[in-house]
Amino acid sequence: MESARDNRADAASVPATGWAVLGLLSFGRELTGYDLKKWADHSLRFFYWSPAISQIYSELKRLERLGYVTSRTVAQDELRNKRVYAISEEGRLALTEWVQHAPVEPPVLKHSVAMRVWLGHLAQPDELRAVVERHREYAEAMLADVTRSEHSTETGFADEDPARVYPQLVIRWGERYYRSERDLAQQMIEDLDHLAALRAQPALPPEL
């Protein structure tokens, strides 16, 4: 029988992406790798990221090796089979432990647009403004996507599923985040315009 120390070592070997994949399985459905990718695209990408299908399968192998996931082959149609995955009781216990007791890591802000504005002395004003405009458009598009996701029928939940309330809360968090990011980009554009206007003013003559 494995000791508590062994269990902690196993859990420590799971990266955040692995916990995310296990989390998708924690809502009680058997899912294929394709199902997991589709669901991640409709949820995870708005607050974490959506792993590539190859990463999903890599994490499923890791989780199955640890005993956190089980899999079986089922018929897809008359000619093909598919492999579906489910969370094990051990996996649910490990995930619960991670959710409740893992250290709270600060989010890492790596904002390349802010970095480019910080280096604005090397850019033409119009080009720098265009960079921020593209970021504003991106935030606007993500806001539209996350708003559609909140009302999508492809979230993986049945309407009566009580577990869906928590993902919905995070989707609303995503809406607020991208709305704020869009507004911050707009404010940066206005700041750049104000700076350009100041620099366009003629220099005052020196006082006699």
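The values are calculated or read from the model by the stated rules, or taken from the named source; none is laboratory data. These numbers were taken from a predicted model, which means no experiment stands behind them. Every residue, glycine as well, gets a Cβ built from its backbone with ideal geometry; the counts of neighbours run over all protein chains shown. To get the accessible areas, we keep the full protein, side chains included, count just its heavy atoms, and leave off ligands, DNA and RNA. Shrake-Rupley method; radii C 1.70, N 1.55, O 1.52, S 1.80 Å.
Observations
- Hits in segment 134-147 - residues which are open to solvent by less than 80 Å² (accessible area, probe 1.4 Å) and more than 26 Å from ALA20 (Cα to Cα): HIS135, ARG136
- Residue, modelled with the highest pLDDT, within segment 160-178, restricted to residues that are among the charged types (D, E, K, R) and open to solvent by 100 Å² or more (accessible area, probe 1.4 Å): ARG176
- Which listed residue, of VAL117, VAL131, is of a type in the set (A, V, I, L, M) and either touching a helix residue (DSSP H, G or I) at 6+ places or on another chain (Cβ under 6 Å) or open to solvent by 60 Å² or more (accessible area, probe 1.4 Å) (or both): VAL131
- Of the residues making up segment 113-130, just one is under 23 Å from the mean Cα position of the chain (by Cα) and either assigned to a loop (DSSP other than H, G, I, E, B) or among the β-branched types (Val, Ile, Thr) (or both), namely VAL113.
- GLU181 vs. criteria open to solvent by less than 50 Å² (accessible area, probe 1.4 Å), closer than 26 Å to ASP41 by Cβ and at pLDDT 90 or above: yes
- Residues that are of a type in the set (A, V, I, L, M, F, W, C), more than 13 Å from ALA86 (Cα to Cα) and at pLDDT 90 or above, drawn from segment 43-73: LEU44, PHE46, PHE47, ALA52, ILE53, ILE56, LEU66
- Condition met for GLU150 (open to solvent by less than 100 Å² (accessible area, probe 1.4 Å) and among the charged types (D, E, K, R)): yes
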